[in-house]
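These notes are about the structure you will find just below.
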Amino acid sequence: MSTDNRTDDIVEIAPEQHKVIFENAQIRMLKVTVKPGDKVAMHRNPENVNYILKPGTLRLTSADGTVQDVDLTEGQVIPAPVGSHAVENIGDTVVQTIGVELKGQT
């Protein structure tokens, strides 16, 4: 059983989509790959910024049930506040991003 209280850690929740590529005391950088039809369970993100490598369409479902479909474009930069959501790739392309999480922001 984990003692670090990071049960919301996206790398533990969805390791097939999220790979840590760098980490230090201030940030954690993830390579995120979401294939068509992939679903990522509800999780909580710290404040973060995502750079889109491969575009596509994701459906984000917030903790309150609000659904938003987001069309991502290559080279787009998306800052995101602390928050919880589930993710589904509803498009027909692999979506790939580099995400930088700020530590101490959950």
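The values are calculated or read from the model by the stated rules, or taken from the named source; none is laboratory data. Owing to the predicted nature of the structure, the values given are computational and were not obtained by experimental measurement. All Cβ positions, glycine included, derive from the backbone under ideal geometry; neighbour counts span all protein chains shown. Accessible surface areas use protein heavy atoms only, side chains included; no ligands, DNA or RNA. Shrake-Rupley method; radii C 1.70, N 1.55, O 1.52, S 1.80 Å.
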Notebook entry, point to check: In square nanometres, what is one fourth of the surface area of the convex hull spanned by the alpha carbons of the range 28-87?
Noted result: 4.1 nm²
Check: Can you pull the accessible area of residue 38 for me, 1.4 Å probe, Å² to the nearest 10?
Finding: 40 Å²
Note to self: For the chain, what does the helix formula give at 222 nm: sum of -39500 (n - 2.57) over DSSP H segments with n ≥ 4, over the residue count, nearest 500 deg cm²/dmol?
What the structure shows: -500 deg cm²/dmol
Next item on the list: Run the dipole for the chain about the Cα centre, Lys and Arg Cβ at +1, Asp and Glu Cβ at -1, nothing else charged, and hand back the magnitude in debye, nearest 20.
Entry: 180 debye
Check: Counting only protein heavy atoms and using a 1.4 Å probe, what share of the accessible area of the chain belongs to carbon plus sulfur, as a whole percent?
Finding: 53 percent
Notebook entry, point to check: Solvent-accessible area per residue for the chain at a 1.4 Å probe radius, Å²?
Noted result: 60 Å²
Note to self: Cross-link candidates for residue 35: which lysines have Cα within less than 22 Å, leaving aside residues fewer than 8 places away along the same chain?
What the structure shows: 19, 54
Check: Hey, got a sec? Which trypsin sites (Lys or Arg not before Pro) in the range 1-85 land in a DSSP loop and have at most 13 other Cβ atoms within 10 Å?
Finding: 6
Notebook entry, point to check: If the convex hull of the alpha-carbon atoms of the chain is projected onto planes in all directions, what is the mean projected area in square nanometres?
Noted result: 6.6 nm²
Next item on the list: Can you send over the solvent-accessible area of residue 101, 1.4 Å probe, protein chains only, in Å² to the nearest 10?
Entry: 10 Å²
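Please work out whether the range 57-106 counts as rounded, prolate or oblate from its C-alpha gyration tensor, where a ≥ b ≥ c are the square roots of the eigenvalues and a/c under 1.5 means rounded, while otherwise a/b larger than b/c means prolate and anything else oblate?
Because a/c hits 1.5 or more and a/b fails to exceed b/c, the range 57-106 counts as oblate.
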Note to self: If I ignore ligands, DNA and RNA and count only protein heavy atoms, how much of residue 85 is accessible to a 1.4 Å probe, in Å² to the nearest 10?
What the structure shows: 50 Å²
Checklist line | 70, 20, ranked by accessible area, largest first (probe 1.4 Å) | finding: 20, 70
Notebook entry, point to check: Residue separation times 0.36 nm, minus the C-alpha to C-alpha distance between residue 60 and residue 98: what's the value?
Noted result: 11.9 nm
Margin query: I need to check one value: relative contact order of the chain, counting alpha carbon pairs closer than 8 Å and at least 6 residues apart, in percent.
Written below: 35 percent
